[in-house]
1. If I model the stretch A:132-251 as equal point scatterers sitting on the Cα atoms and use the Debye formula, what is log10 I(q)/I(0) at q = 0.14, 0.20, 0.21 Å⁻¹?
2. Any idea what Rg and Dmax come out to for the stretch B:63-199 if you just take the C-alpha atoms, in Å?
3. 7 Å along Cα→Cβ for the label point: how many nanometres lie between A:Val110 and each equivalent label in the other copies, listed shortest first?
4. Rounding to the nearest 20 debye, state how big the charge dipole of the stretch A:63-199 is about its Cα centre with +1 on each Lys and Arg Cβ and -1 on each Asp and Glu Cβ.
5. Give the long-range amide H neighbours of A:Arg91: residues separated by 5 or more places, or on another chain, with amide H under 5 Å away, using H modelled in the peptide plane at 1.01 Å from N.
6. Once every DSSP H run of n ≥ 4 in the protein assembly as shown is given -39500 (n - 2.57) and the sum is divided by its residues, what mean residue ellipticity at 222 nm do you get, rounded to the nearest 500 deg cm²/dmol?
7. Hey, got the dipole for the stretch A:240-357? About the Cα centre, +1 on K and R Cβ, -1 on D and E Cβ, debye to the nearest 20?
8. Let me know the shape class of the stretch B:213-357, please: from the alpha-carbon gyration tensor, a ≥ b ≥ c as square roots of the eigenvalues, rounded when a/c is under 1.5, otherwise prolate if a/b is greater than b/c, or oblate.
Number of protein chains: 2
Amino acid sequence: MFRSHDSYEKAFCYRLLLALSLFSVVASLGAEGGKEPILLEQAKQFFKPLPETMATAEFPTPPERVSLGKRLFFDPRLSADGMISCATCHRPALYGTDALPRSIGVEHRVNPRNAPTVLNAALQDWQHWRGDRANVEEQASKSVLGHGSFGNPNEEAVLAKLRALGYTPAFQSAFPEANEPLTLENFGKAIGAYERTLVSPSPFDNYLKGNTEALGPQAKKGLGIFIKTGCIACHNGVGVGGQALRKFGIKKNYWQATGSEVVDEGRYSITQNQTDKYVFKVPSLRNVAMTPPYFHDGSVTTLPKAIRIMAQVQLGKTLSQQQIKAIMVFLNSLTGELPADFQQAPLLPPKAFNALP
Amino acid sequence: MFRSHDSYEKAFCYRLLLALSLFSVVASLGAEGGKEPILLEQAKQFFKPLPETMATAEFPTPPERVSLGKRLFFDPRLSADGMISCATCHRPALYGTDALPRSIGVEHRVNPRNAPTVLNAALQDWQHWRGDRANVEEQASKSVLGHGSFGNPNEEAVLAKLRALGYTPAFQSAFPEANEPLTLENFGKAIGAYERTLVSPSPFDNYLKGNTEALGPQAKKGLGIFIKTGCIACHNGVGVGGQALRKFGIKKNYWQATGSEVVDEGRYSITQNQTDKYVFKVPSLRNVAMTPPYFHDGSVTTLPKAIRIMAQVQLGKTLSQQQIKAIMVFLNSLTGELPADFQQAPLLPPKAFNALP
């Protein structure tokens, strides 16, 4: 069963009220001009710097589990046609995306929505555009069975592949206390453990930690506009998004502004609640400058156009070219360092195939 | 026009005669036992250690060209469906292969033959199983237009993509003396320059350089058997193969031994010369233990089976399990270090899409 959008909406409203009351105090002090230290103090109310790891008590990241998860993440032999790995839609060279409007899975099956970056993804309150996967662990264990992603018919088919590829000892090391370490749930947990290490700290994080030199004047101006225009209503918190479900097209139908080929009803297609119509997860804006195309259907290819459309359809505002430019410079400050353990491929030795006779 | 197999055959025969005359001298001294330093001296007659780079006067590797070539190598946006890059068939995690029997290109088009590793590939006298591409540069520039690989319709389509993705300045830096740096030929040269840096030195190279401790007793025994059995007739030189075209199935039809689904006539399908029937490039055995499945059609999944079949169909010999095991241990000594610049993905910033308004 899925919770309706309403319950999130209430929690969101409280957060927004708190944020806006702070905002009203500082607005008169001239946030748009980027004056220090007012802007920094204001930013701290809406945003948080990245943690060093995204591990939790429920989802820890012991090294053996991370190491296994990394190999699984990059292993195309796990898909039905041997072509698709997690790294197909979440490529290191493309900052954890595939640069496609909508992702392509096994046997060239085109998926309904755009692949968001895997970097910092575990910080989100939901996974997937419709918010129908609870966490990165569930995302991984369901994708390996998805018709349009990995295309495996059932759990046993996946486990048989893992055994044949020689992964059994690695599962035993990664889950030493489990009676049966090699399970689909642990497959998801291992990939999730790896993904929980993929944090990409950016200049904006340095800024939030107090280094006011980390952003240039134009980025600070953009941050001020980002706050004052109201973008922070949805894009806030540690992920600068990723922690709310919201209707896309509050002031105007999104598909008219974006030229979308398909009208996607979003979360409504799962819950059948009218309040969920056109509701999607608010995407995190971390690394947004590196991860076009934009929106759930990848219908917009450039960042300035995406900014202009969001202001129009969500806030009913028309931004000037100068304002858009400043916001772009600010968003560029959200581009983080690519984690070394993401950029470097693992080795997938084919031991099982080459056992000595 | 393609040269016939005959001309290669003659050059090959001279080389083989020289090798065998050396062989006859040392054979009586007991190569199979792996006695030092006889085995090393013998090995030096047939093999050469890897060079540090595969650059040539015609195909140099200036850093700007290598850097550009690396980005091109990993960029899936260059293919017709945005899914395929050179690194799709030549994955770092899989030692420069795709672990598929036959590679899969754009729109899930299955290719006729298996993708060999890109590591050390530039050392080969020909590229492709039928020897129909002269060098890695030609391989790259033809693959980007191949129906079953990248699927681009023509040269202009590729150049338009390169421009749109913002590659023009990098081509200017990589080919500073060219009137028109952005050409398909230079596309091939840039990728070739990168590939010419992908050298993977192995324990066997250390051995050839005189470090007799680099191979264990079982590997030395395998090396001796490899020489004495006659594997070195084709698998010799710096690549331990890759430098001759030979009929597959000299003593017995290959497809009966391998269970191949399709009888591939090899080079004959290009030249229509009867002497080229079932003639393929002798593959390099460097990193062979890391790159199953085997043969031009990937019809054999394990190394011991591949060794047994090669002895049968090429040499008319039946190897014992112990001999196969020793050869396997020797072949494992050909597994090199993965080049750091291959294992680490480049960054492909989407600048062209996010130019400031």
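1. Log10 of I(q)/I(0), two decimals: -0.79, -1.10, -1.18.
2. Over the stretch B:63-199's Cα set, Rg and Dmax evaluate to 13.9, 42 Å.
3. 2.4
4. Its charge dipole is roughly 360 debye.
5. A:Gly96, A:Thr97, A:Asp98
6. Computed mean residue ellipticity for the protein assembly as shown: -11500 deg cm²/dmol.
7. Charge dipole of the stretch A:240-357: 440 debye, to the nearest 20.
8. oblate
The values are calculated or read from the model by the stated rules, or taken from the named source; none is laboratory data. Note that this is a predicted model, so its numbers are computed, not measured. Every residue, glycine among them, receives a Cβ derived from its backbone with ideal geometry; neighbour counts consider all protein chains shown. SASA here: full protein model, heavy atoms, side chains in, ligands and nucleic acids out. Shrake-Rupley method; radii C 1.70, N 1.55, O 1.52, S 1.80 Å.
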